[in-house]
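Q: Pasting a structure here, questions to come.
The values are calculated or read from the model by the stated rules, or taken from the named source; none is laboratory data. All of these numbers come straight from a predicted model, not from anything done at the bench. We place every Cβ from the backbone using ideal geometry, glycine too, and count neighbours over all the protein chains shown. Accessible surface is based on the protein model in full, side chains and every heavy atom, while ligands, DNA and RNA are left aside. Shrake-Rupley method; radii C 1.70, N 1.55, O 1.52, S 1.80 Å.
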Amino acid sequence: MFFLRRSLATSATADALAIESDSGSPAKEFKIMSGVILSRPPIITPEQTAFSKAYYHYQSELYKRMSWTFPYWFYYPKGTLAENEYTRVQPKLNEKDPDVLFNRDRNSKQDVVFPPRSVQRETEESARIYAKIVPNPRTTIADEENNIRSLERKLDRTLYLIVKRDGESLEWSFPATTIESGENLESSSTRMLAQYGGEDMNIFLVSGTPALYYKDVYESDGKYEGAKIFYLKSRIFNGLFKPQKESGIVDYAWLTKEELSSYLDKQYWRKVAGALSKQ
Amino acid sequence: MSLHQLSSMFWRRSQTIISRTAFQSAAVSRIPQPLHNFEVSGVKFTHGSLEVTRGKRTKSGGSSPQKIRLVNMLSLIGRVRKAPYRLKLSYEDLLRHRTIHRAWQLVKRQERESRNTELMTQYQKIQVACDELEKASPELFAQAMDKPKSLRFPPEYRIPTETPPNVSWDSSWKKATLPQVK
Amino acid sequence: MPRLPGFVSQASRASLRAASTATSSIPHSASPSFADELDPKSILADKDLSTIARAIGCSADDLTAFPNPTVPAGGEPLITARQLTMPAAMRPPFLDWRVQMKPASLKSKKFRNTYLSPIGLDGAFREALEILGKDRDTKYVQVLKLQSKVDAIKAQFGVLETNEITDIKARSEAYLIEVKIEKLRILAELSNPEVIAQFERGRADMQFPVYRYLARKKWEQIPRAQLVDRLENMHVIPDTMPYIKPTVDLRVRFPGPTAYWFDPGRILSTAVTAQVPEFQINTFEDKTSRYTIVIVDPDTPDFANDSYKSTLHYILSDIEIHGNKPDVDTEASTVVVPYLPPHPEKNSGIHRYAVWLFEQPDGERLAIRQRGSKEIDNSKLLDRDEFDIRLFRSAYGLKAVGAHLWRNKYDSQTEAVREKFGLGQGTVWSRARIQHY
């Protein structure tokens, strides 16, 4: 595994925290790094299954069947124009049927039809208020284009940020950095996110406690035997991840859990998958 | 049935309805008033003086508008004439109904179990990470274990809705530059 | 009535009725069976019949040889592989799952003609069947996997039955897997609406574990609780035996034109009880074992000791019961002590006749088993007048698994019973005046 070597090489001068080795031999130790699993929480509820749709439909129909008759005589008092208007729009029921009472068949549900709104003067304001509400579509342009850099893709899922940094062999991974002197996991990851993606991100660091551990062993000889990376979980609420010039970020992507499996290195994915959320 | 009996039956609920709907223009106090002498819309109801019969047509003379109005209001509360017939399912349909709910319970159980296993693996990952951090660097571990004194839950967190908001993602968000306080 | 009530917005009954007559004119074969729409990529659907039969635990002949109710006369059969996965016993002909306007269960013509299914029921039911079907299939796949494990263990020892495996460890392993298989088979069919319908209509076939499970649950709900309640309240426990946890449903009746399986604790006429009772033993298990039935009357007055003693009325032993055949064959069993009709003395109060069902050890014939150095007085074991049921139980090494109870008192028929069976002149007990000085 080479994919984190560059970050080590660039910060080699930094006074990094390292494990004290018992022997006095030249430092062959693991470097401690902090990383961030930055995720965008789902914005819409998960897609309903066919069964769940059918089930809710059935339940709502049962509810309607057992609801009381609409007491129109209260809202449209007898002898008023409103009552006239209301009765005019009601569909005709078979009045001879003994089960019809107050314009409702007592063996079925009642669909109340309200008379249309009577408008004397339609203003722009009133038209806006009374306009029929059309819900926004659940899929976006980013979904159609499959724009993996967009945060508006897959609104019903959690998206995770992975980056590709300039190095010997380019590999996707969660962003990680070396812990500099005087820093802890929390502060170094906050610093890293600003360094890699700019300041304009509204980020909530869930906790200073690491949520994931990954041990990277370097194959070629170097100062360090490998790196121990501790990842913190965080959420993004607003703003965009914009790769900064000096950060060495070549590419970045916002992906769901399943998509990550095809992007990440197999061994890395196996260690990481358990910390991620399915939805 | 006398007005007194009726009113005492429905007193609490009718109090709300009277004040909310029919007599909105009149200044009605929400404080429960003694039943025998309360005033709405300028008409004085005195207990015992107004006999109200429900279910009878009040078309013919003799019924005051107040009486009609009261009967009308009380008709909203009761189930009489508004309730549909009881839902009777045939054996076949009842069995279908039971099957649907059985499947629903199964789906819910599967969801619950998969969620629990997911949380369990995430928790185990946290445990391993903390153990390793303690071994690797006790200082960092001590700092990581420090709980913040006050928990800051972000107000931006929104509960997922069925359809997205008008602006599904605020891309133009800028970090606020606050003046240095010193 | 496909989709009918679901999508009529203004549900006037008259309009619905008109619509219903319109759809019911569609030929029967045109409306598809629910099974046609079920998951075609089902795990079991592509397998051959013998695999499916193996998973369910029946023979492949059972799967094919059932009358298909959905075959219209002279038409193409609507049968699918999916339907075939259910054996005849689990797929009753009376339940046609096509949603129909007039449910067969409604006996009244008026109700049947005006009945409307709730809106959306049909659609949700189809989806539910798909979900339950998938779950059922996964369970049967697990069954097949476990079955092959057991088969491997049996093949290793070259035997056909689990109890023939010589190695204790392997045998217990195979046994545990078989328990698991049984559990999975129950769970797989427990949500199957056709199975539930079959059971609730009293057409259950006890060779399938799911029906045995349902029957046991049903028995435990009321009859068993009632039995234990009566035994304790009427002090049969501890007057005869000290304790029981019934695991077997024992039913008793007396032959005759109005024979019925009576509830425990009934007061019956002595004329009725003069005949030898008939029994049914429901074990709820797929095994063969031997049982002993003992009837005792613990209310015989014992004036010598100023107490009561037990009278032995009947011992029937070596009753062989196979899992799904509950009837007791008296002729094939051994009558150890012939039946003595109850004939309570006048003024001796109400007598309890406790029926105890014992399981014989290891399914063997009834034989005295000496325990330790304890000597048993064999002459007293089967003494009718001074019968000790606890001594009897321990001498033969029996285990109480079920019980029943009825009561008799001196009535108008008692003298006739005495005369018929030659029981001699009865005694009339009366109160004696005791002088206290």
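Q: Yes or no: segment C:162-180 includes at least one residue that is touching a residue at least 40 places away in the same chain (Cβ under 8 Å) and either over 30 Å from B:Tyr85 (Cβ atoms) or within 25 Å of the chain's Cα centre (by Cα) (or both). Working first, answer last.
A: Here is the first cut: in segment C:162-180, the ones touching a residue at least 40 places away in the same chain (Cβ under 8 Å) are none.
Looking for residues that are touching a residue at least 40 places away in the same chain (Cβ under 8 Å) and either over 30 Å from B:Tyr85 (Cβ atoms) or within 25 Å of the chain's Cα centre (by Cα) (or both), one finds none in segment C:162-180, hence no.
Q: Let me ask another. Condition test on A:Asp166, is it charged (D, E, K, R), open to solvent by less than 40 Å² (accessible area, probe 1.4 Å) and touching a residue at least 24 places away in the same chain (Cβ under 8 Å)? Outline the logic, then answer.
A: Details: charged (D, E, K, R): yes; open to solvent by less than 40 Å² (accessible area, probe 1.4 Å): no; touching a residue at least 24 places away in the same chain (Cβ under 8 Å): yes.
Judged against the criteria, A:Asp166 is not a match.
Q: Right, here's the next one. In segment A:200-224, which residues are touching a strand residue (DSSP E or B) at 6+ places or on another chain (Cβ under 9 Å), charged (D, E, K, R), at pLDDT below 90 and more than 30 Å from B:Glu118 (Cβ to Cβ)? First the steps, then the outcome.
A: Going residue by residue through segment A:200-224, those that are touching a strand residue (DSSP E or B) at 6+ places or on another chain (Cβ under 9 Å) are A:200-218, A:223-224.
Now drop any that are not charged (D, E, K, R), which leaves A:200, A:215-216, A:223.
Retained after the next criterion (residues that are at pLDDT below 90): A:216, A:223.
Selection gives A:Lys223 alone.
Q: Another question, if that's okay. Between a residue in segment B:132-148 that is under 11 Å from A:Lys228 (Cα atoms) and acidic (Asp, Glu) and any residue that is open to solvent by 60 Å² or more (accessible area, probe 1.4 Å) and at pLDDT 90 or above, which pairs come within a Cβ distance under 9 Å, given they are 6 or more apart or on different chains?
A: B:Glu132/A:Lys215
Q: Residues C:Ile267, C:Ile293: which one is in contact (Cβ under 8 Å) with a residue 60 or more places away in the chain, open to solvent by less than 10 Å² (accessible area, probe 1.4 Å) and out of contact with any Cys (no Cβ under 8 Å at 6 or more places or on another chain)?
A: On the way: C:Ile267 fails: open to solvent by less than 10 Å² (accessible area, probe 1.4 Å).
Result of the check over C:Ile267, C:Ile293: C:Ile293.
Q: Let me ask you something else. Can you work out which of the residues in segment A:39-67 that are in contact (Cβ under 8 Å) with a residue 12 or more places away in the chain and within 14 Å of chain C (Cβ to nearest Cβ) is nearest to the chain's Cα centre (by Cα)?
A: Keep residues of segment A:39-67 that are in contact (Cβ under 8 Å) with a residue 12 or more places away in the chain, which gives A:39-47, A:61, A:64-65, A:67.
Now drop any that are not within 14 Å of chain C (Cβ to nearest Cβ), which leaves A:61, A:64-65, A:67.
Details: A:Glu61: 32, A:Lys64: 35, A:Arg65: 38, A:Ser67: 38 Å.
Ranking the candidates gives A:Glu61 first.
Q: Quickly run through segment C:402-428 and pick out the residues that are over 21 Å from C:Val294 (Cβ atoms) and loosely packed, with under 15 Cβ neighbours inside 10 Å.
A: C:Ser412, C:Ala416, C:Glu419, C:Lys420, C:Gly422, C:Gly424, C:Gln425, C:Thr427, C:Val428
Q: Assess whether C:Lys380 counts as being open to solvent by 30 Å² or more (accessible area, probe 1.4 Å) and at pLDDT below 90. If you could, list the steps in order and put the result at the bottom.
A: Numbers: open to solvent by 30 Å² or more (accessible area, probe 1.4 Å): yes; at pLDDT below 90: yes.
Yes.
Q: Give A:Gly248, A:Gly239 a once-over and let me know the one that is within 14 Å of another protein chain (Cβ to nearest Cβ) and under 26 Å from A:Glu186 (Cβ atoms).
A: Working: A:Gly248 fails: within 14 Å of another protein chain (Cβ to nearest Cβ).
Going through A:Gly248, A:Gly239 in turn, just one is within 14 Å of another protein chain (Cβ to nearest Cβ) and under 26 Å from A:Glu186 (Cβ atoms): A:Gly239.
Q: Right, next: B:Pro65: more than 30 Å from A:Leu232 (Cα to Cα), away from chain C (no Cβ under 14 Å) and free of Cβ contacts under 8 Å to residues at least 24 places away in the same chain, yes or no? I'd like the intermediate steps shown before the answer.
A: Values: more than 30 Å from A:Leu232 (Cα to Cα): yes; away from chain C (no Cβ under 14 Å): yes; free of Cβ contacts under 8 Å to residues at least 24 places away in the same chain: yes.
Spelling it out, B:Pro65 is indeed more than 30 Å from A:Leu232 (Cα to Cα), away from chain C (no Cβ under 14 Å) and free of Cβ contacts under 8 Å to residues at least 24 places away in the same chain.
Q: Go through segment B:73-99 and give me each residue that's within 14 Å of chain C (Cβ to nearest Cβ) and open to solvent by 70 Å² or more (accessible area, probe 1.4 Å).
A: Initially, segment B:73-99 is screened for residues within 14 Å of chain C (Cβ to nearest Cβ), giving B:84-99.
Selection gives B:Tyr85, B:Arg86, B:Lys88, B:Leu94, B:Arg98.
Q: Any chance segment A:248-268 includes a residue that's more than 24 Å from the chain's Cα centre (by Cα), assigned by TED's automatic domain parsing to the domain that holds A:Gly198 and surrounded by 14 or more Cβ atoms within 10 Å (Cβ to Cβ)?
A: Yes, segment A:248-268 has at least one match.
Q: So, in segment B:110-152, exactly how many residues are more than 8 Å from chain A (Cβ to nearest Cβ) and either in contact with a strand residue (DSSP E or B) (Cβ under 6 Å, 6 or more places away or on another chain) or of a type in the set (A, V, I, L, M, F, W, C) (or both)?
A: 5
Q: Also: Go through segment A:155-181 and give me each residue that's within 11 Å of another protein chain (Cβ to nearest Cβ) and not β-branched (Val, Ile, Thr).
A: Just the residues of segment A:155-181 that are within 11 Å of another protein chain (Cβ to nearest Cβ), to begin with: A:155-159, A:179.
Selection gives A:Leu155, A:Asp156, A:Arg157, A:Leu159.
Q: Give just the number: which of (1) in contact with a strand residue (DSSP E or B) (Cβ under 8 Å, 6 or more places away or on another chain); (2) modelled with pLDDT under 90 does B:Tyr157 not satisfy?
A: (2)
Q: Let me ask something else. Give, as residue ranges, the helices (runs of 4 or more DSSP H) completely inside segment C:179-249 that count at least 1 residues that are modelled with pLDDT under 90 and crowded, with 17+ Cβ neighbours inside 10 Å. Talk me through it step by step, then tell me what you get.
A: Working: elements: C:193-200, C:209-221, C:223-233, C:236-239.
Fully inside segment C:179-249 and qualifying: C:193-200, C:209-221.
For every residue, the table says whether it meets (1) surrounded by 12 or more Cβ atoms within 10 Å (Cβ to Cβ); (2) in the same structural domain as C:Tyr339 (by TED's automatic domain parsing); (3) outside any strand (DSSP E or B).
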{"site": "C:Asp362", "(1), (2), (3)": "no, yes, yes"}
{"site": "C:Leu391", "(1), (2), (3)": "yes, yes, yes"}
{"site": "C:Ala400", "(1), (2), (3)": "yes, yes, no"}
{"site": "C:Ser430", "(1), (2), (3)": "no, no, yes"}
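Q: I want to confirm something. Restricting to segment A:199-227 and keeping residues that are among the β-branched types (Val, Ile, Thr) and in a strand (DSSP E or B), which single residue is nearest to the other protein chains (Cβ to nearest Cβ)?
A: Narrowing segment A:199-227 to residues among the β-branched types (Val, Ile, Thr): A:203, A:206, A:209, A:217.
After this cut, where a residue has to be in a strand (DSSP E or B) as well, the list is A:203, A:217.
Details: A:Ile203: 9, A:Val217: 14 Å.
Step by step, filter segment A:199-227, then rank; the result is A:Ile203.
Q: Pairs only if they're at least six apart or on different chains, beta carbon under 9 angstrom, first in segment B:158-174 and exposed (fewer than 14 other Cβ atoms within 10 Å of the Cβ), second of a type in the set (Phe, Trp, Tyr); list them, first residue then second.
A: From segment B:158-174, the pairs are B:Arg158/A:Phe237.
Q: So, B:Glu118, is that one closer than 30 Å to C:Gly133 by Cβ, outside any loop (DSSP other than H, G, I, E, B) and at pLDDT below 85 or not?
A: On the way: closer than 30 Å to C:Gly133 by Cβ: yes; outside any loop (DSSP other than H, G, I, E, B): yes; at pLDDT below 85: no.
Spelling it out, it is not the case that B:Glu118 is closer than 30 Å to C:Gly133 by Cβ, outside any loop (DSSP other than H, G, I, E, B) and at pLDDT below 85.
Q: Consider A:Phe70 carefully, then state whether it is facing another protein chain (nearest Cβ under 8 Å) and at pLDDT 55 or above.
A: When the stated conditions are applied, A:Phe70 does not pass them.
Q: Would you point out which residue out of B:Asp131, B:Asp146 is modelled with pLDDT under 90, acidic (Asp, Glu) and within 23 Å of A:Val206 (Cα to Cα)?
A: Working: B:Asp131 fails: modelled with pLDDT under 90.
Only one candidate passes the filter, namely B:Asp146.
Q: Name the residue, out of C:Leu106, C:Leu129, that is open to solvent by 30 Å² or more (accessible area, probe 1.4 Å), at pLDDT below 85 and either under 24 Å from B:Leu87 (Cβ atoms) or not assigned by TED's automatic domain parsing to the domain that holds C:Leu187 (or both).
A: Working: C:Leu129 fails: open to solvent by 30 Å² or more (accessible area, probe 1.4 Å).
Result: C:Leu106 is the single residue among C:Leu106, C:Leu129 that is open to solvent by 30 Å² or more (accessible area, probe 1.4 Å), at pLDDT below 85 and either under 24 Å from B:Leu87 (Cβ atoms) or not assigned by TED's automatic domain parsing to the domain that holds C:Leu187 (or both).
Q: Do we have any residue at all in segment B:75-84 that's more than 25 Å from A:Tyr231 (Cα to Cα) and touching a strand residue (DSSP E or B) at 6+ places or on another chain (Cβ under 8 Å)?
A: Just the residues of segment B:75-84 that are more than 25 Å from A:Tyr231 (Cα to Cα), to begin with: B:75-84.
Narrowing the set further to residues that are touching a strand residue (DSSP E or B) at 6+ places or on another chain (Cβ under 8 Å) leaves B:81, B:84.
Looking for residues that are more than 25 Å from A:Tyr231 (Cα to Cα) and touching a strand residue (DSSP E or B) at 6+ places or on another chain (Cβ under 8 Å), one finds at least one in segment B:75-84, hence yes.
Q: Just name the residue that is nearest to C:Arg251 (Cα to Cα) out of those in segment C:310-339 that are assigned to a strand (DSSP E or B) and open to solvent by 60 Å² or more (accessible area, probe 1.4 Å). Let's see the steps before the verdict.
A: Filtering segment C:310-339 for residues assigned to a strand (DSSP E or B) gives C:310-322, C:325, C:327, C:334-337.
Cutting the leftovers down to open to solvent by 60 Å² or more (accessible area, probe 1.4 Å) gives us C:320, C:322, C:325, C:327, C:335.
Working: C:Glu320: 16, C:His322: 16, C:Lys325: 13, C:Asp327: 10, C:Val335: 19 Å.
Of everything passing the filter in segment C:310-339, C:Asp327 is nearest to C:Arg251 (Cα to Cα).
Q: Let me ask another. Of the conditions (1) at pLDDT below 90; (2) assigned to a loop (DSSP other than H, G, I, E, B); (3) open to solvent by 50 Å² or more (accessible area, probe 1.4 Å), A:Pro243 fails just one. Which one is it?
A: (1)
Q: Check segment B:144-153 and report whether any residue there is open to solvent by 90 Å² or more (accessible area, probe 1.4 Å), touching a Lys or Arg at 6+ places or on another chain (Cβ under 9 Å) and in a loop (DSSP other than H, G, I, E, B).
A: Checking segment B:144-153: not a single residue is open to solvent by 90 Å² or more (accessible area, probe 1.4 Å), touching a Lys or Arg at 6+ places or on another chain (Cβ under 9 Å) and in a loop (DSSP other than H, G, I, E, B).
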